[in-house]
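Heads up: the structure comes next, in structure tokens.
The values are calculated or read from the model by the stated rules, or taken from the named source; none is laboratory data. Bear in mind that the values here come from a model prediction, so they are computed numbers and not experimental data. Using ideal geometry, Cβ is built from the backbone for each residue, glycine included, and neighbour counts are taken over all protein chains shown.
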Amino acid sequence: MPTLFAAPNLEASKYLTRRLVLEQILVQRRATRAEIVQTTGLSKSAVSSIVGELIDAGLVREGGNENPSVGRPRILLELVPESRLVLGAEIDEDACRVVLMNLCGEMVAQVALSVKDTTAPEMLKVLEEGVNQVVAGADPTRVLGLGVAIPAYVDLSSGEVIYSVVLKWNNVPLRQELAQRFPWPVAVVGRGHAAAWGEASCGIGQGVSSLLYARIGSFIGTGLVLGGRLYTGDIFLAGDLGHVTVQADGTLCWCGNRGCLATVATTGFFLSRTRQLLRTAPTDSLWEGTQGSLERITLSMSIEAARDGSPVARQVLAEVGQWLGVASASVVNLLNLNKIIIGGPLAQAGDLLLEPLREELKRRALPLQAAQAQVVLSALHENAPALGAANLILHDLATPAQASATLHLPTSNRLFERRQ
């Protein structure tokens, strides 16, 4: 298949200018040639030539006129959303979610499959089935790549899962395994990092330069966006809110430390604390439906009881929210964040969880920083990691090299190949 250009064989600056022009249209969705000249600093002839190549590749089309107050009408350029597609996936201990996304970050297809066996070979079979389902009916040659989010510490440079407490994986060469199954560039990223980027790119964090995402479930998965870019740290482990110490001599955490946030702000803590308090509150409405057994209490049952006024359920949600506020205040003071986004199973409690968090943050963080930091619920919910993984693929392939390379993908020409 002929290509517009091959990065390894053409002058590097020529390659970058194409990505620079495309980025302007990706960000603006609609732009004129004159606007691209102004924002990029490229010459009119260079922009005109590159735009022609993008049109030939089917990435961009002319979509009407802009009528300025002075001068001739200008032709608007716009993306062709379905000209390229990106796959994103999340694999977890109980489900595998796969999404197919267009260039505008919109979901074209999605599927969620149940998981019964969390061993790597079985999880890969489920992932492969999910990918096949969402790609069915689409042109696979238009797919740019596959991003996979996983609840684990991941070496982004190699795509190796260093370890996952959730899945009980250690040193799994996941990207290598995926590359043998799929014909596209593949990347593997930690779930918290992927979800943070999902909210930043197409969720409630759009237009925000700095944010913290925290998934509150059986573990706490977090990710940071700083200065408009995903921040993973030198060894890709940045943003681990769950292991911020909130009680100096608190409960022993699985990590070996005591008093980590993860010991007092997970679904496991929520349920155990709820059962503990119920033993001394036999008239609490949460007893209804338990048939006298505290072990029958579930997260959804407890949250529903809290909405209906259960003092015990509300107290435990308040405690979890306060501990989250303690940990978040330190991060807000240190990084001056714009937003804290809460997702995961406990986010179903809404303001019953967020209000105590906000109050504790306001009490503990410095006033100016606290006033700047909004605490909000995830807009993408369970799709945040998969959409984030897909958007990271697009970001790495379509933005100028100095602003991408988050996933350490090999150079790919798929984005600029001509389509028939």
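What the table shows:
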{"item": "Selection count where residues are out of contact with any Cys (no Cβ under 9 Å at 6 or more places or on another chain) and either closer than 19 Å to Gly130 by Cα or not small (Gly, Ala, Ser) (or both), scope region 368-383", "result": "10"}
{"item": "Selection within region 260-272 - surrounded by fewer than 18 Cβ atoms within 10 Å (Cβ to Cβ) and of a type outside the set (Ser, Thr, Tyr)", "result": "Gly268"}
{"item": "Scope region 96-111; condition of a type outside the set (D, E, K, R) and either in contact (Cβ under 8 Å) with a residue 24 or more places away in the chain or touching a Phe, Trp or Tyr at 6+ places or on another chain (Cβ under 8 Å) (or both); matching residues", "result": "Cys96, Val98, Val99, Leu100, Met101, Leu103, Cys104, Gly105, Met107, Val108, Ala109, Gln110"}
{"item": "Residues that are within 25 Å of Val27 (Cβ to Cβ) and either out of contact with any strand residue (DSSP E or B) (no Cβ under 8 Å at 6 or more places or on another chain) or not assigned by TED's automatic domain parsing to the domain that holds Trp169 (or both), drawn from region 99-131", "result": "Gly105, Glu106"}
{"item": "Among the candidates Gly130, Gly105, Gly159, residue that is modelled with pLDDT of 95 or more, more than 22 Å from Trp254 (Cα to Cα) and not acidic (Asp, Glu)", "result": "Gly130"}
{"item": "Of all residues making up region 99-131, the number that are surrounded by fewer than 22 Cβ atoms within 10 Å (Cβ to Cβ) and not in a helix (DSSP H, G or I)", "result": "17"}
{"item": "Filtered residues of region 103-119 (kept if closer than 19 Å to Pro385 by Cα and either more than 21 Å from the chain's Cα centre (by Cα) or not small (Gly, Ala, Ser) (or both))", "result": "Leu103, Cys104, Glu106, Met107, Val108, Gln110, Val111, Leu113, Val115, Thr118"}
{"item": "Residue in region 39-49 that is outside the structural domain of Thr141 (by TED's automatic domain parsing), outside any loop (DSSP other than H, G, I, E, B) and within 23 Å of Thr141 (Cα to Cα) present", "result": "no"}
{"item": "Selection within region 176-187 - out of contact with any Asp or Glu (no Cβ under 7 Å at 6 or more places or on another chain) and within 16 Å of Pro121 (Cα to Cα)", "result": "Gln176, Glu177, Leu178, Ala179, Gln180, Phe182"}
{"item": "Pairs where the first residue, in region 51-63, is touching a residue at least 24 places away in the same chain (Cβ under 8 Å) and on the phi > 0 side of the Ramachandran plot and the second is surrounded by fewer than 21 Cβ atoms within 10 Å (Cβ to Cβ) and aliphatic (A, V, I, L, M), C-beta under 7 Å, 6+ apart", "result": "Gly58/Val80"}
{"item": "Flag for Gln374 being within 24 Å of His193 (Cβ to Cβ), buried (at least 16 other Cβ atoms within 10 Å of the Cβ) and without any contact (Cβ under 8 Å) to a residue 60 or more places away in the chain", "result": "no"}
{"item": "From the options Leu324, Leu361, Leu354, residue that is under 22 Å from the mean Cα position of the chain (by Cα), in the same structural domain as Ser272 (by TED's automatic domain parsing), buried (at least 24 other Cβ atoms within 10 Å of the Cβ) and of a type in the set (A, V, I, L, M)", "result": "Leu324"}
{"item": "Hits in region 256-287 (condition: polar (S, T, N, Q) and either farther than 14 Å from Ala327 by Cβ or without any contact (Cβ under 8 Å) to a residue 40 or more places away in the chain (or both))", "result": "Asn257, Thr263, Thr267, Ser272, Thr274, Gln276, Thr280, Thr283, Ser285"}
{"item": "Test for Val134: is it part of a strand (DSSP E or B) and in contact with a strand residue (DSSP E or B) (Cβ under 8 Å, 6 or more places away or on another chain)", "result": "no"}
{"item": "Lone unmet requirement of (1) more than 14 Å from Leu380 (Cβ to Cβ); (2) within 16 Å of the chain's Cα centre (by Cα) for Gly192", "result": "(1)"}
{"item": "Qualifying residue in region 5-20 (condition: modelled with pLDDT under 75, within 25 Å of Glu82 (Cβ to Cβ) and outside any helix (DSSP H, G or I))", "result": "yes"}
{"item": "Some residue of region 79-88 being within 17 Å of Ala31 (Cβ to Cβ), in contact (Cβ under 8 Å) with a residue 60 or more places away in the chain and surrounded by fewer than 20 Cβ atoms within 10 Å (Cβ to Cβ)", "result": "yes"}
{"item": "Asp308 in the same structural domain as Leu357 (by TED's automatic domain parsing), under 20 Å from the mean Cα position of the chain (by Cα) and acidic (Asp, Glu)", "result": "no"}
{"item": "Wholly within region 138-186, strands (runs of 3 or more DSSP E) carrying at least 3 residues that are touching a helix residue (DSSP H, G or I) at 6+ places or on another chain (Cβ under 8 Å) and surrounded by 16 or more Cβ atoms within 10 Å (Cβ to Cβ)", "result": "143-150"}
